[in-house]
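Below is one structure; the comments refer to it alone.
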Amino acid sequence: QVQLVESGGGLVQAGGSLRLSCAASGRTFSSYAMGWFRQAPGKEREFVAAISWSGSNTYYADSVKGRFTISRDNAKNTVSLQMNSLKPEDTAVYYCASSGERYSDCVPPIGYWGQGTQVTVDS
């Protein structure tokens, strides 16, 4: 069974930084693209960032481009999201996701979700 466990969420002032991490277990982590999504209250879940299985390609939503950086460590089975210059509109539950296809370049398609971690940006 694949398990994704997020950590690193919390409360931060606008303009501050947070680093989210997602630890994966249950299958060959390095063979699958990974991504981050978020869901704010009353809104649909939206794509934030993704990284290919090899780490060679990264993708970002326009709203976070230049502020967020996704990375992965295949030796440690982790994917991280460095979030800088945070804004109140970044407030959401952030979810880690794993691709449903081996050797994939991006997510979706989603194979597995983490349980989510809350990020709150105070103005």
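Below are the figures for this structure:
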| item | result |
| --- | --- |
| Antiparallel DSSP beta bridges within the chain, percent to nearest 5 | 90 percent |
| Heavy atoms of Glu101: accessible area, 1.4 Å probe, square angstrom to 10 | 100 Å² |
| Disulfide-incompatible cysteines by the Cβ rule (no partner under 4.7 Å) in the chain | Cys106 |
| Normalised contact order of the chain, rounded percent, pairs of Cα under 8 Å and 6 or more residues apart | 35 percent |
| Peptide ranges 45-52, 60-67, 92-99, 25-32 listed from the most packed, as the mean C-beta count within 10 angstrom indicates | 92-99, 45-52, 25-32, 60-67 |
| 15 Å beta-carbon shell around Leu86, net charge (K/R +1, D/E -1) | +2 |
| 5 angstrom amide H check on Leu86, placed H, neighbours 5+ away | Gly15, Gly16 |
| Positive-end residue, segment 25-91 charge dipole about Cα centroid, Cβ charges, pick of Ser80, Gln39, Ala61 | Ser80 |
| HN-Hα J in Hz across segment 112-123 - Karplus 6.51, -1.76, 1.60, θ = phi - 60°, x for Gly and Pro | 9, 10, x, 8, x, 9, 7, 10, 10, 10, 8, 7 |
| Sequence-distant lysines (8 or more away, or on other chains) whose Cα lies within less than 19 Å of Lys43 | Lys87 |
| Length added when fully stretched, Ala23-Lys76, from 0.36 nm per residue minus Cα-Cα | 18.3 nm |
| Magnitude of the charge dipole, the chain, Cβ model with Lys/Arg +1 and Asp/Glu -1, debye to 20 | 200 debye |
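The values are calculated or read from the model by the stated rules, or taken from the named source; none is laboratory data. This structure is a prediction, so every number in the text was calculated from the model and none was measured. Here Cβ is always computed from backbone atoms with ideal geometry, including for glycine, and neighbour counts include all displayed protein chains. Note: areas computed on protein heavy atoms with side chains; ligands, DNA, RNA excluded. Shrake-Rupley method; radii C 1.70, N 1.55, O 1.52, S 1.80 Å.
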